[in-house]
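Novice: Next up is a structure, given as structure tokens.
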Amino acid sequence: MLINHHEIPLLKPCLVLILGILVGEIVSPPFRVSSILIYAIIFFLGLQLVSKISHEHSFRSFIVLLLISCLGICLVQERSPVTRSLPYDITAESFTIRVEKLLPNKNHKKLVGSILSYQNEDSVFVHSKGKVLVYFEGAKTDTSIMVGNEYYISGNLSQISQVPNPYAFDYSSYLKKERIYHQVFVKKKAWQFIRTNRKSLLHSIVHKLQVHFKEIINRNFADVSNRALVMAMVLGDRTELGENQKELFINTGAIHVLAVSGLHVGILALFISFIFKLLDKIISIPKLIQGLVGIFTLWLFAMITGASSAVCRAALMFSMFYLSRDILHRHVSIYNIIFGSAFILLLYEPMQVFKVSFQFSYLAVLSIVFFYPFVNNWLNSKFMIANYFWSSIAIGISAQVLVFPISIFYFNKFASSFFITSIFVVQLAMIILVVTLLILIFDSFGLSLISDTILSPICNWVLSIFQQSISKVQALPYSYIDNIWIDRIQLIVIYIALAFLMLLIKCKKIKYLLVIFACLLFYFAHSNYKSHSSSIQHKAYIYKSSDDYVDIFVGNQCYSLHTDSNEGEAFVYGRNRLAHDIQDHKKLDEAIMQNALEYKNGVLRLGDIFLAFANEKSFTEVNKTYAYNYLLVNKVNNKLKEFDLSQIRDSEIILMASLPPWKRNEFIEYCSEANLNCFDIKKQGAKEILF
């Protein structure tokens, strides 16, 4: 389905708004953009008066697009605490909060809370707003802390400054996109329940429906794995999913089934259309009523499933579809719906453009809409069943065209078996979702006999087939490819090439093919340059990790300390190794000696640079004539105060991440008084050393 860009009036406004948001976030202008808007309008109006411009329409369009781009910058600045004061007092020590979202945590009850008020210096609670990250100490298993409940808490707000390891996930940056800038640790007995959910009547109804539906699902799905899948697919509750289940769906490219998203909303929309077609045979229902019922049902489903961003995006797109087709009786342009919904959502929350889910959902929908007609035409059989299965595969292939680059960029893996899972995943997911909805409906109206004897056994059987099929696909050789790395430059080049591929398909001009070839040449040249740089690298990284990982990169070889530690810490160093093209890995011990690397008696030599652990062994058994460039202090090797300062005067003291907070503060104070150079891994992030 190809449409001329003039028939998509919302394309350019959406793109320039995204451009403005990117400029506002990346460049961070030091001044407010409102003045830019005023000066831009004055400048272009003056230019129009002085010069006689013949293309007035083009000129006006340019001004409008420029102002929309400036609006994007302004929206980012209006939500930034750098240019706008926070709506709550960060020095306050007492707050009332409402629980908005519960988050997984090993030791404490972790949640996102909305500040309702804070206590000022006069001990008066002042109405406020804003979101904070809250940790309830020792309340991991406390089921009384629920979403919607309000609590009085005491604690000091602290800024979230989690400096990541190289190429690792930056949790602090992620929270800032959610407009969460502070966290508070609430000690035992420092919090008190105030009242239960005081939200609107609609929220109360939704909450009761969620509880009611969970009870029905628990009663009809005894198998733990089946129940976990149904909870995730129908109610958006993924808390019961095991890590193995999640990994299974990720590796086979079917993870979108577990997260309630556009797929589920689309299935529900088809189900609604099917119901109305059946009813039309009995009684004629006006299109206006059908559209309003469809919109209401989709948004109710969105709220019941947690109103995640992905569901709200899909609900908005289908709402625009119903509005155009059934209420306004206008021509429905899927491209205008895609870009129009994106424009509306970004006006409401501009930082969504940085969310992975936002990028995945819109790229997948756009990719399917554009590429599916061409891919589907690759095979045209006289057998209907063959065309049906090929149509399913074609949808999977089409969706991957624009999605695979960011999938590799964010997750470093590619599910090569997607073309197999696309044959049955959507079909089985549709059966599971529709049958489960029927179970919920029949049970709610007292017809549990039908669900118990017919629907529930069918759904459990389909769920078992579903999981077994996914497992068999994962067991196939090369079902997924992991440990793939592309950097931002390569990602941009790939999308430039894909954009010109779309233009080539649309316009069939040789110049677009030449641009694609140029992008490929640049991509391979950049890759070769990276490979050469990695082959001659000499770097060491001291990671921000509780186990004090140390990696030494010599060419494409990696030597590590603490390699026998918990494998769960692999997220600390995994992406950094991929980025540096590490092909082999060994544990560093005293048997390894190279021209550029030696480890002996607690001293690590990197070329002409010496690193020593702060213990007696380093300073007694090793020749004291060594000039230590770096002295490493951790929870085990922390004898810093016992050494002669003359030996370490010119050394940089590196406080590793395993040091307990009280010990860390003690050493920071000691280094300050002794006038020693100090680098705190916990606060400043991983330490990179070139040798």
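Novice: Would you confirm whether any residue within the range 220-229 is in a helix (DSSP H, G or I), without any contact (Cβ under 8 Å) to a residue 40 or more places away in the chain, surrounded by 15 or more Cβ atoms within 10 Å (Cβ to Cβ) and not β-branched (Val, Ile, Thr)?
Specialist: Among the residues of the range 220-229, at least one is in a helix (DSSP H, G or I), without any contact (Cβ under 8 Å) to a residue 40 or more places away in the chain, surrounded by 15 or more Cβ atoms within 10 Å (Cβ to Cβ) and not β-branched (Val, Ile, Thr), which makes the answer yes.
Novice: I would also like to ask the following. In the range 372-384, which residues are more than 38 Å from the chain's Cα centre (by Cα) and not aromatic (Phe, Trp, Tyr)?
Specialist: Asn380, Ser381, Lys382, Met384
Novice: With the condition kept exactly as written, say whether any residue in the range 380-395 is surrounded by fewer than 20 Cβ atoms within 10 Å (Cβ to Cβ) and either modelled with pLDDT of 85 or more or of a type in the set (D, E, K, R) (or both).
Specialist: Scanning the range 380-395 turns up at least one residue that is surrounded by fewer than 20 Cβ atoms within 10 Å (Cβ to Cβ) and either modelled with pLDDT of 85 or more or of a type in the set (D, E, K, R) (or both).
Novice: Which of the numbered conditions does Ala232 fail, given that it passes all the others? Conditions: (1) surrounded by fewer than 19 Cβ atoms within 10 Å (Cβ to Cβ); (2) assigned to a helix (DSSP H, G or I); (3) of a type in the set (Gly, Ala, Ser).
Specialist: Result: Ala232 fails condition (1) only.
Novice: Right, something else. Filter the range 396-422 for residues that are without any contact (Cβ under 8 Å) to a residue 60 or more places away in the chain and surrounded by fewer than 18 Cβ atoms within 10 Å (Cβ to Cβ) and give the result.
Specialist: Of everything in the range 396-422, those that are without any contact (Cβ under 8 Å) to a residue 60 or more places away in the chain and surrounded by fewer than 18 Cβ atoms within 10 Å (Cβ to Cβ) turn out to be Tyr410, Phe419.
Novice: If we scan the range 92-103, do we find a residue that is touching a Lys or Arg at 6+ places or on another chain (Cβ under 6 Å), among the hydrophobic types (A, V, I, L, M, F, W, C) and surrounded by fewer than 16 Cβ atoms within 10 Å (Cβ to Cβ)?
Specialist: yes
Novice: Now a separate question. For the range 87-146, give me each residue that is among the aliphatic types (A, V, I, L, M), more than 16 Å from Val186 (Cα to Cα) and not in a loop (DSSP other than H, G, I, E, B).
Specialist: Across the range 87-146, the qualifying residues are Leu116, Val126.
Novice: When both residues are 6+ apart or on different chains and their Cβ atoms are under 8 Å apart, which pairs have a first residue that lies in the range 69-80 and is among the hydrophobic types (A, V, I, L, M, F, W, C), and a second that is part of a loop (DSSP other than H, G, I, E, B)?
Specialist: Pairs that qualify, where the first residue is among the hydrophobic types (A, V, I, L, M, F, W, C) and the partner is part of a loop (DSSP other than H, G, I, E, B), are Cys70/Val33; Ile73/Pro29; Ile73/Val33; Cys74/Arg32; Cys74/Val33.
Novice: I would also like to ask the following. Can you find a residue that is in contact with a helix residue (DSSP H, G or I) (Cβ under 8 Å, 6 or more places away or on another chain), among the β-branched types (Val, Ile, Thr) and surrounded by 13 or more Cβ atoms within 10 Å (Cβ to Cβ) anywhere in the range 132-141?
Specialist: no
Novice: Restricting to the range 449-494, and then to whatever is in contact with a helix residue (DSSP H, G or I) (Cβ under 8 Å, 6 or more places away or on another chain) and part of a loop (DSSP other than H, G, I, E, B), can you tell me which residue is surrounded by the most Cβ atoms within 10 Å (Cβ to Cβ)?
Specialist: Ile486
Novice: Additional query: Considering only helices (runs of 4 or more DSSP H) fully contained in the range 630-691, which possess at least 3 residues that are touching a helix residue (DSSP H, G or I) at 6+ places or on another chain (Cβ under 8 Å)?
Specialist: 661-673
Novice: May I pose another question? Looking only at the range 205-217, decide whether some residue is in contact (Cβ under 8 Å) with a residue 40 or more places away in the chain and over 29 Å from the mean Cα position of the chain (by Cα).
Specialist: Looking for residues that are in contact (Cβ under 8 Å) with a residue 40 or more places away in the chain and over 29 Å from the mean Cα position of the chain (by Cα), one finds at least one in the range 205-217, hence yes.
Novice: Scan the range 300-311 residue by residue and report those that are at pLDDT 80 or above and either more than 24 Å from Lys355 (Cα to Cα) or surrounded by fewer than 18 Cβ atoms within 10 Å (Cβ to Cβ) (or both).
Specialist: Matches in the range 300-311: Leu300 only.
Novice: Another question, if that's okay. Only one of Ser357, Ser367, Ser361, Ser341 is touching a residue at least 24 places away in the same chain (Cβ under 8 Å), surrounded by fewer than 20 Cβ atoms within 10 Å (Cβ to Cβ) and within 23 Å of Cys14 (Cβ to Cβ); which?
Specialist: On inspection, the qualifying residue turns out to be Ser357.
Novice: I need the full set of residues from the range 549-574 which are surrounded by fewer than 21 Cβ atoms within 10 Å (Cβ to Cβ), in a helix (DSSP H, G or I) and modelled with pLDDT of 85 or more, in order please.
Specialist: Passing the criteria: only Gly574.
Novice: Could you list, ordered by first residue, the pairs with Cβ atoms under 7 Å in which the first is in the range 116-141 and over 17 Å from Tyr152 (Cβ atoms) and in contact (Cβ under 8 Å) with a residue 24 or more places away in the chain and the second is in a loop (DSSP other than H, G, I, E, B) and among the hydrophobic types (A, V, I, L, M, F, W, C), at least 6 apart or interchain?
Specialist: Within 7 Å, the pairs are Leu133/Ile160.
Novice: Which residue pairs have Cβ atoms under 6 Å apart, sit 6 or more places apart or on different chains, and have a first residue in the range 235-253 that is closer than 24 Å to Leu298 by Cβ and a second that is not in a loop (DSSP other than H, G, I, E, B)?
Specialist: Asp237/Met231; Arg238/Ala232
Novice: Can I ask one more? If we scan the range 165-188, do we find a residue that is farther than 30 Å from Val572 by Cα and either surrounded by 13 or more Cβ atoms within 10 Å (Cβ to Cβ) or assigned by TED's automatic domain parsing to the domain that holds Lys101 (or both)?
Specialist: Among the residues of the range 165-188, at least one is farther than 30 Å from Val572 by Cα and either surrounded by 13 or more Cβ atoms within 10 Å (Cβ to Cβ) or assigned by TED's automatic domain parsing to the domain that holds Lys101 (or both), which makes the answer yes.
Novice: While we're here: May I ask you to verify whether Phe404 is farther than 24 Å from Ser309 by Cβ and among the aromatic types (Phe, Trp, Tyr)?
Specialist: No: the conditions fail for Phe404.
Novice: Filtering the range 305-333 down to residues that are among the small types (Gly, Ala, Ser) and closer than 17 Å to Leu363 by Cβ, which residue is farthest from the chain's Cα centre (by Cα)?
Specialist: Only one residue tops the list, namely Ala314.
The values are calculated or read from the model by the stated rules, or taken from the named source; none is laboratory data. Every value quoted in this text rests on a predicted model; they were computed, and no experiment measured them. All Cβ positions, glycine included, derive from the backbone under ideal geometry; neighbour counts span all protein chains shown.
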